[in-house]
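A short worksheet on the structure shown next.
Derivation of every value follows stated rules applied to the coordinates shown; laboratory data play no part. In this text the structure is predicted, and so the values were computed from the model without any measurement. Cβ placement follows ideal geometry from the backbone for every residue including glycine, while neighbour counts extend to all protein chains displayed.
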Amino acid sequence: MDTGLEGRRGLVVGGSRGIGKAIALELAREGVDLVLVARTPGPLADAAAEIADATGRKVAPMACDVTDRARVEATVDHAARELGGLHILVNSGSYPGGSPTATGPIDTIVDEDFLEDFNVKYLGALRCARAAIPHLKASGWGRIVNISGLNARIAGNLSGGARNASLVHFTRTLAMQLGRDGVTVNCIHPGLTRTEGVMEMLAGRAAKRGITLEELEAADYAEGRGNSIGRMVDAREIAHLAVFLCSDRSWAINGETIAADGGGSRSVYY
């Protein structure tokens, strides 16, 4: 399928690892020149070089703290100049799983950490979108894809639920505002996904139980547990969905949130 992405230019926030890096790689494979944004310069530069080598596309790293509005606006403007315009924004920046002191029982929540978690993921996406929208409008064709998470639909994680549900509302609101400008906005809810951070977390859990990582995964997905496909979703599979939402084939989808967890819920949304 021709995605119509050859020659497009994109910005991937949270592109140094995990789902963001996987999305950046697949976009580059489709012919998109990119700027990757993350907080830590070293891993960011390594990711950009790896993707550029693998795809032959222009991939530039730009370190940025998304909690700093002035820094975000300067970085997005710099990215647009570096690329010669901007068509795509992927918001995948967050603390993986959230801060430990923002996600437990209500009596353990540290207010400052809760607010910082929200500040990075939700307000970080808002700041990046606000800075990118003039460039997307100027291009006359734009895509924003927000990477949220299924904690929005699963009670228990107070911080994860708040930040992810807020991104869903943000997505639909922006879609209503920008559709007539040729810009669509959609959201992906990944479930548990095979990334570097998740595998490190699972390895620690397996070690505590005295079993191998493979044995832990097999137990988690045995007999219909975990999801309906019987295995963990890989970050590249999230990336394939993101590429479609960024493509010229996805005009009919705007303001939507798509769960990508291998069928992990029995709930019916209508």
Candidates ASN186, ASN227, ASN164; GNM for the chain (alpha-carbon contacts under 10 Å) flags as most fluctuating ASN227
Taking 0.36 nm per residue of separation and subtracting the Cα-Cα distance, what length does fully extending ARG81 through THR40 add? 12.6 nm
Near the amide H of ALA60, under 5 Å away, which other amide H atoms are found, from residues 5 or more places off or on another chain, if H is placed in the peptide plane? LEU34, VAL35, LEU36
Using a Gaussian network for the chain with springs between C-alpha atoms less than 10 Å apart, which of these wobbles most: GLY93, GLY230, GLY160? GLY230
Counting helices only, and only those DSSP H runs with n ≥ 4, report the 222 nm mean residue ellipticity of the chain as the sum of -39,500 (n - 2.57) divided by its residues, in deg cm²/dmol to the nearest 500. -14500 deg cm²/dmol
Taking amide H atoms as placed 1.01 Å from N in the peptide plane, list the residues 5 or more away in sequence, or in a different chain, whose amide H sits under 5 Å from that of GLY263. SER228
Nearest-0.05 FRET efficiency for GLU112 and ARG249, computed from C-beta distance (R0 30 Å): 0.10
What are the residues whose amide H is under 5 Å from the amide H of VAL233, where those residues sit 5 or more places off or on another chain and H is modelled from the backbone? ARG194
Hits for the chain under the membrane-span-like helix rule (DSSP H, Cα axial span at least 18 Å, Kyte-Doolittle mean at least -0.5) are 41-55, 124-139, 158-178, 196-209
Would you calculate the separation in nanometres between label points at ASP68 and GLU50, each defined as 7 Å from the Cα along the Cα-to-beta-carbon direction? 2.5
Quick calc, ARG180 & ALA155: beta-carbon distance into FRET formula, R0 35 Å, rounding 0.05, result 0.45
Angstrom value of the Kirkwood radius, inverse mean 1/r, which spans all Cα pairs in the stretch 39-151: 15.6
Return the Cα extents of the chain along principal axes one, two and three, sorted largest first, each rounded to a whole Å. 53, 43, 40
By the Kirkwood definition, with r running over pairs of different Cα atoms, the stretch 75-135 has a hydrodynamic radius in Å of 13.2
May I ask you to give the average projected area over all directions of the convex hull of the Cα atoms of the stretch 190-270, in nm² rounded to one decimal? 6.6
